[in-house]
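As C-alpha cells, the structure follows; a few thoughts come after it.
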Amino acid sequence: MQKKYQTNTIKTGNEILSVDQSDGVVNCSYKNIETGEEFKTSSKYLLACDGANSTIRKLNNVKLKSLDADETWMVVDGYTKSKFDCFTDIDAIQYCNPSRPTTIIQGVDDCFRFEIAFMPGDTVDEIQKEEVFRKYIDQWIGDNEVEFSRTAVYSFHAADAVKWQNENIFLLGDAAHQMPPFMGQGMNSGCRDAENILWKINGVLNGLYSPKILDTYQSERRPHVARITRGAIKMGGIINAKSKFKAFIRNALLRTQSYLRGKENIFPVLNGNRLGPGVHKMPKIKNVSIERYYFNEINVRLHDGRIMSTDYVLEKNFGIILNNFEGNKNISEDNLELLKKHNFKIINVTHNYNHSNYEGYIACEETHKDLQIYCKKFGCSGVILRPDKYIFDLFNFDKSDSLETIINNVLFNIREKIEFN
Ligand SMILES: Cc1cc2nc3c(=O)[nH]c(=O)nc-3n(C[C@H](O)[C@H](O)[C@H](O)COP(=O)(O)OP(=O)(O)OC[C@H]3O[C@@H](n4cnc5c(N)ncnc54)[C@H](O)[C@@H]3O)c2cc1C
C-alpha cells in the first residue's frame with residue numbers, strides 16, 4: 001500500500017498514548033513498543049481504526065453501549081490438501097446442532113476454519129486440545145489430511161459507540177461497533193465505514209465540499225450498522241439454539257419459511273438496509289433488494305476492446321451511468337468545468353461509441369445485460385453513484401434529452417444534498 005500511495009507512511013510497532021485536538025488540529029503522542037521512545041504528530045483528521053478496545057475511543061470519553069449478546073466460541077484454523085466433501089456446492093455451513101453449534105468455512109488455497117460454540121462445562125484450556133476439539137469436527141474432515149495452524153477462544157460482543165465523531169476524530173470499524181460474526185459482516189462494516197468517510201474527507205481536503213459533509217458519516221453509517229448488528233444477533237440466536245425444544249421450534253419455523261419463501265430468502269437482513277440520512281436520496285422501501293441502494297459493478301467492453309468493471313472505470317469518483325443514451329453529447333463550458341473539478345465520470349452503456357466533448361465520458365457496451373435488467377427492475381434509465389458506490393439516486397431521461405439536460409438535472413439533484421465549493 002505504501003508503494004502505491006507514496007504519500008502514506010506506515011509505522012508498525014507503535015502505540016497511541018494520547019490524543020487531543022484544538023483549532024481544528026489533532027495532536028497525538030505515540031511510542032515505539034520495542035524501544036519505548038515517544039513521538040508526537042499532528043494532523044487535520046484522525047481516523048481511529050484501533051479495534052474493539054480502542055484507546056482513542058476511551059481517550060475521547062466515548063461510551064460503548066453493550067447490546068447484551070455476548071457469546072464464547074472457539075476458532076480452529078488449518079489447511080487441507082483437498083477440499084472437504086461438504087464443500088462440493090457451498091463454501092460455508094452453519095451446523096445448528098443444539099448440543100454443539102458449529103460453523104465450517106472453506107477459505108482460499110484449501111485453508112479452512114471451524115468455529116465451535118462453547119458449551120456449559122467447557123474450559124478455555126481443555127477445548128483447545130486437539131484430542132478434545134477433533135471429536136466435534138471429525139465428521140466434516142472425513143479422511144482428509146489436515147494441518148491445524150491456530151486455535152483461539154473468542155468472546156463475541158455486540159456493542160455500539162454512542163458517538164462516532166468528536167470534531168475531527170472519527171471512529172471506524174470495531175472501535176465504533178462490534179457484532180457477532182454470524183453474518184460475516186464485522187470487517188465488511190468496517191470497510192464500509194472507511195469507504196464512507198474517505199471520499200468525504202478527500203473532497204473536503206481538496207476544497208470541493210463544505211466540512212459539513214463530514215457530519216453525515218455518523219448519520220449514514222450508524223443506523224446501517226445497527227440494523228446489521230441486530231440481524232447478526234438474530235442470526236446468532238437461530239444458530240445458537242442450545243436447547244432441544246428451541247431447536248425443534250426453530251427447525252419447524254425455518255422449514256415452513258423456506259417452503260413458503262424459498263431458500264434464498266430465509267434471512268434477508270441486508271435487503272432494504274439503506275444508509276441513514278445524509279448525502280443521498282434513497283427512498284425507504286421495505287425489503288427491497290440490496291442493489292437498490294448499493295450498485296453491484298457490471299462488466300463493460302470499452303471502445304478499445306478491454307473489458308472492465310464499472311467500479312474499475314469509475315474509481316473513487318462520482319459516476320453517472322446511462323442506459324443506452326443516444327442524444328446530443330455536447331456539454332456546456334460551465335458544466336464541463338464543474339464535472340472536471342469534481343472528477344465526475346459518465347458511463348454510457350450503448351452500441352454507439354460516439355464521443356462527447358467531456359473527457360470523463362466513457363461509451364461502452366455491456367458484456368451481459370445486467371444494466372438493462374437493473375433499469376427494468378427499478379424503472380430507471382440512469383443511476384447516480386457516489387464514490388463509495390452507494391446509489392445517490394436513480395433517474396430517467398427522455399429520448400429527446402441532451403447530455404447537457406441530463407447533467408443539469410443530475411447536478412441540481414446532487415446540490416440539494418451537497419454544498420459544492
Ligand atoms: C472469530 C471471528 C470471526 C470473524 N469473522 C468475520 C467474517 O467472516 N467477516 C467479517 O466481515 N468480519 C468477521 N469478523 C470481524 C472482524 O475480524 C473485525 O470486525 C475486524 O477485524 C475489525 O477490524 P478493525 O480494523 O476495526 O479492528 P482490528 O482488526 O481489531 O484492528 C485494530 C488494530 O489497531 C491496533 N491498535 C489497537 N490499539 C492501538 C493503539 N493504542 N495504538 C496503535 N495501534 C493500536 C491493533 O493492534 C490492531 O492492529 C470476525 C471476528 C472474529 C473474532
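Laboratory data are not the source of any read-out in this text; all were calculated from the coordinates shown. Note that this is a predicted model, so its numbers are computed, not measured. Glycine also receives a Cβ, built like all others from the backbone with ideal geometry; neighbour counts cover every protein chain displayed.
Overview of results
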read-out: Percent RCO, i.e. relative contact order, over region 93-235, from Cα pairs under 8 Å lying at least 6 residues apart; value: 16
read-out: Residues R222, R415, sorted so that the one with the fewest Cβ neighbours within 10 Å comes first; value: R415, R222
read-out: Lys/Arg +1, Asp/Glu -1 at C-beta; region 295-415 dipole; positive extreme among I347, G305, V383; value: V383
read-out: Of D311, D77, D193, the one that fluctuates the most in a GNM where the chain has Cα springs shorter than 10 Å; value: D77
read-out: Most to least packed among 314-327, 236-249 [average Cβ atoms within 10 Å]; value: 314-327, 236-249
read-out: For region 348-367 versus region 53-125, the gap between their alpha-carbon centres in whole angstrom; value: 46
read-out: Relative contact order (%) - criterion: Cα under 8 Å, at least six apart; region: region 71-156; value: 48
read-out: Summed side-chain charge close to L314 - residues other than L314 whose Cβ falls under 14 Å, Lys, Arg +1, Asp, Glu -1; value: -1
read-out: Of K65/K316; K65/K242; K212/K389, pairs whose Cα-Cα distance is over 24 Å; value: K65/K316; K65/K242
read-out: Counted charge near G107, where neighbours are those whose Cβ lies closer than 10 Å (Asp, Glu -1; Lys, Arg +1); value: -3
read-out: Sequence-distant aspartates and glutamates (8 or more away, or on other chains) whose Cα lies within less than 17 Å of K369; value: E291, E297, D311
read-out: Three-way shape label, region 295-415, alpha-carbon gyration tensor, a/c 1.5; value: rounded
read-out: Residue among Q257, F114, H157 farthest towards the positive dipole end of the chain, charges placed on Cβ; value: Q257
read-out: Lys, Arg +1 and Asp, Glu -1 on Cβ, resulting dipole of region 295-415 about Cα centre, debye, nearest 20; value: 260
read-out: On Cα atoms only, tilt of 216-239 relative to the major axis of the chain in degrees; value: 30
read-out: Neighbourhood charge, 14 Å Cβ-Cβ cut-off, centred on T256 and excluding it, Lys, Arg +1 and Asp, Glu -1; value: +4
read-out: Simple Cβ-charge dipole of the chain, Lys/Arg +1 and Asp/Glu -1, about Cα centre, in debye nearest 20; value: 1380
read-out: Whole-angstrom Cα spans of the chain along principal axes, big to small; value: 73, 59, 39
read-out: Dipole-positive endmost among F170, P223, N202 within region 166-323 (Cβ charges, Cα centre); value: P223
